[in-house]
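Chemist: One structure, as structure tokens, below. Some questions next.
The values are calculated or read from the model by the stated rules, or taken from the named source; none is laboratory data. None of the values given here were measured: they were computed from a predicted structure. Note: ideal-geometry Cβ built from the backbone for every residue, glycine included; neighbour counts use all protein chains shown. Just the protein is used for accessible areas: all its heavy atoms, side chains included, with ligands, DNA and RNA removed. Shrake-Rupley method; radii C 1.70, N 1.55, O 1.52, S 1.80 Å.
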Amino acid sequence: PFQLSINRFWVLMLAHLIADYPLQPDRLVAAKQHLPGLSIHIAIHWVVMTLFTWPVRAIIWPYILTVAILHFGIDYFKAYMGRTRPDLVIGPYLLDQPLHWVSLIIVGIWMARSTSLPVWDVLSPWWIYGIGILIATYIWFITERVISYRDPTLQAWVVESMWPRMSARFMLYALLVAALPYTLLLALLVMGVITYLYHRYHYPRRWIFIDIAVALTATIIVQAILSLF
């Protein structure tokens, strides 16, 4: 049961991260402060989770519905905090994701103890690689933008350099994952090629250092997860 819980957790985690980051644009983040916008966000989560578990959708729908309900409750509380304490930005953001992860773990354990889904229980490493891609790209972009909220100028630079830096982190992450024993030289070569992109922005050395660290961190997390299986 424990192994099945872990397998299902990573599938649901990837679906959650896709719906919570690339499929949650700024307009939807703002709309989530009210019930219609929050409902749309939860519907997106439900659709993505259903697609990711499509082979067993007829069996798994009560668990997906439970995850969606829990997600609604967590985000409703976060929206309430945003309305009543707009000065609190970083804390609620950092608390939000762990609460979602705990809900996914609980539902994964529940599924493993109450259902038998042999086909879906085969864990593909691509689920984990996908999580790493999101960590290296969208998740860090949103996190960096949130933690720089007190400095509007810095935050504007983070937004302006979004696509070049995300592309750089993705390429570094792909190299690290695909050719780990020989990747340092390749990574440095790629960074040399794309460094010119950074010179358009303030603090180019700072961005390069941060992006290398983020890509390396994503790789370490992915390798650590894969080593469990």
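Chemist: What translational diffusion coefficient, in µm²/s and rounded to a whole number, does the Stokes-Einstein relation yield for the range 38-169 at 25 °C and a viscosity of 0.890 mPa s, taking the hydrodynamic radius as the Kirkwood radius over Cα pairs?
Modeler: Once the numbers are plugged in, D ends up at 144 µm²/s.
Chemist: While we're on this one: Please give the residues of the range 21-46, grouped as numeric ranges, whose backbone N is less than 11 Å from a label point set 7 Å along the Cα-to-Cβ vector of Val159.
Modeler: 26-27
Chemist: Within the range 79-173, which chymotrypsin sites (Phe, Trp or Tyr not before Pro) sit in a loop by DSSP and count at most 16 neighbouring Cβ atoms inside 10 Å?
Modeler: Details: sites: Tyr80, Tyr93, Trp101, Trp110, Trp120, Trp126, Trp127, Tyr129, Tyr138, Trp140, Phe141, Tyr149, Trp157, Phe170, Tyr173; in loops: Trp120, Tyr149.
Sites meeting the loop and neighbour criteria: Tyr149.
Chemist: I've got another one for you. Run the quick spin-label model on Phe77 and Ile220: label points 7 Å from Cα toward the beta carbon, then report their separation in nm to one decimal.
Modeler: It works out to 3.0 nm between the two label points.
Chemist: Still on this structure, I have one more. At 1.4 Å probe size, with the rest of the protein present, what percent of the exposed accessible area of the range 1-112 is carbon and sulfur atoms?
Modeler: Accessible surface attributable to carbon and sulfur in the range 1-112 totals 78 percent.
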